[in-house]
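A short worksheet on the structure shown next.
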Amino acid sequence: MTVHQFINSRKGAWKDLEAFVQQCSRLSLARVPLPEFRRGSLLYRETIADLGYARMRYPDHPLVRELERLLGQAHSAIYQARRGKARNWWRFWTETWPALVREFSRPILLSAAIFWITAVVGFCLAALYPQLEGVFVNPGMRAAMSTGQLWTQGITAIAPQASAAIAHNNISVSLLTWALGITFGVGTAWMLVFNGLMLGVIAVACFRAGMLVPLAEFVVAHGSLELPAIWIAGGAGLVIGRAMILPGRYRRGEEIKRAARQSVQIVVGTVPMLLVAACVEGFVSPSALPGLWKAGIALALATLYLIYILNGVRVPELVNRVGR
């Protein structure tokens with residue numbers, strides 16, 4: 001193969017690689033779409049092979065220096081993109097998410113208040129009107145409580161499967177609670193009201209059956225993360241609702257986009273909380289551990305997450321190491 005034949009067969013790929021390099025320099029490196037980044041990385045590796053072939057067959061041709069120049073630019077772009085993506089990933093979990101939770105603490109606290117107020121209302125209503133228990137307490141739950149057991153006793157035997165199902169359900173509920181913020185926050189508020197009422201009514205049913213303490217022992221460990229995650233997701237939904245009703249100094253469309261970008265980051269950050277809570281609910285909550293042990297686990301988890309939210313994670317050395 002002559003040098004001209006070689007150039008004609010490969011110049012399309014080299015032009016694509018050059019376009020990728022220009023895209024990396026034009027955009028923020030963290031914003032390069034993943035498929036295009038992978039395509040650029042593949043072209044980079046193919047061009048390395050082309051350079052090796054050119055050095056062997058056409059060592060004195062200007063093509064060798066041209067490919068070296070192109071590969072130097074591509075290497076810099078890909079290296080910086082990887083470093084930028086790694087740094088952004090670490091920065092999100094160690095700094096951005098805790099800072100967002102602190103910034104939007106008011107809607108999150110409002111979310112928690114809606115939940116607890118309706119839980120108390122549900123408790124009082126169910127205490128006055130026992131027939132309301134039928135809305136949330138199904139016959140299977142009643143049958144279990146009539147034997148002096150919670151309906152959750154069977155989880156222990158299928159803990160891994162139960163944890164996966166619990167995580168899927170809780171993440172789905174959190175995402176729905178957030179997404180319903182687009183209904184001017186009404187849907188988000190309803191999800192919080194519904195879950196609060198459910199907790200209050202079930203608590204009354206357990207109290208009447210003499211199972212309130214076992215219920216508390218079951219809920220306390222995983223509830224220390226699961227409930228705050230729901231409140232945070234609710235707060236994220238209320239952020240969208242507030243932007244739709246009171247856009248502030250931005251135009252309504254711009255404010256909604258801004259709120260959506262921030263709130264989606266907030267709700268994504270609840271996923272690890274819910275995964276940990278699901279593991280605890282599957283393995284610890286239904287176990288025979290004493291109630292004080294479960295309360296201790298709850299306190300430890302809640303304290304660690306509170307410290308994390310208030311302070312973030314200081315890992316500059318680790319971030320720099322990842323970026324190299």
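The values are calculated or read from the model by the stated rules, or taken from the named source; none is laboratory data. Since the model is a prediction, treat every value here as computed from it, not as a measurement. So basically every Cβ, Gly included, is an ideal-geometry build from the backbone, and we count neighbours across all protein chains shown.
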| message | Looking at the range 121-133 only, could you name the residues that are buried (at least 17 other Cβ atoms within 10 Å of the Cβ) and among the aromatic types (Phe, Trp, Tyr)? | response | 123
| said: With the requirement that a residue be assigned to a helix (DSSP H, G or I), of a type outside the set (A, V, I, L, M, F, W, C) and closer than 30 Å to residue 147 by Cα, what does the range 202-261 give you? | reply: 208, 214, 217, 222, 223, 224, 226
| task | Could you tell me whether the range 134-149 includes any residue that is surrounded by 15 or more Cβ atoms within 10 Å (Cβ to Cβ) and either farther than 18 Å from residue 213 by Cα or acidic (Asp, Glu) (or both)? | result | yes
| query | Name the residues in the range 281-304 that are closer than 13 Å to residue 224 by Cβ and at pLDDT below 95, would you? | reply | 281, 284, 285
| Restricting the range 1-30 to residues that are modelled with pLDDT under 80 and part of a helix (DSSP H, G or I), which is nearest to residue 47 (Cα to Cα)? | 24
| task | Any residue in the range 264-286 that's assigned by TED's automatic domain parsing to the domain that holds residue 296 and crowded, with 18+ Cβ neighbours inside 10 Å: show its pairings with residues that are modelled with pLDDT under 95 and not in a helix (DSSP H, G or I) at Cβ separation under 6 Å, as long as the two are six or more apart or on different chains. | result | 286/152
| task | Determine whether the range 78-89 contains at least one residue that is over 30 Å from residue 269 (Cα atoms) and either among the hydroxyl-bearing types (Ser, Thr, Tyr) or at pLDDT below 90 (or both). | result | no
| Lone qualifier among 260, 288, 278 - being more than 21 Å from residue 166 (Cα to Cα) and over 13 Å from the mean Cα position of the chain (by Cα) | 260
| message | I'm checking my understanding of the structure. Among residues of the range 36-69 that are under 41 Å from the mean Cα position of the chain (by Cα) and more than 15 Å from residue 15 (Cα to Cα), which one is surrounded by the most Cβ atoms within 10 Å (Cβ to Cβ)? | response | 37
| query | What number goes with the only condition from (1) in contact (Cβ under 8 Å) with a residue 24 or more places away in the chain; (2) over 26 Å from residue 235 (Cβ atoms); (3) not hydrophobic (A, V, I, L, M, F, W, C) that residue 96 does not pass? | reply | (2)
| field | Close pairs (7 angstrom Cβ cut-off, 6 or more residues apart or separate chains): within 20 Å of residue 12 (Cβ to Cβ) in the range 70-83, modelled with pLDDT under 85 and of a type in the set (A, V, I, L, M, F, W, C) anywhere | value | 77/24
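Residue by residue, here is whether (1) touching a strand residue (DSSP E or B) at 6+ places or on another chain (Cβ under 9 Å); (2) within 25 Å of residue 296 (Cα to Cα); (3) at pLDDT 95 or above holds:
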site: 186; (1), (2), (3): no, no, yes
site: 194; (1), (2), (3): no, no, yes
site: 200; (1), (2), (3): no, yes, yes
site: 203; (1), (2), (3): no, yes, yes
site: 214; (1), (2), (3): no, yes, no
site: 250; (1), (2), (3): no, no, no
site: 266; (1), (2), (3): no, no, yes
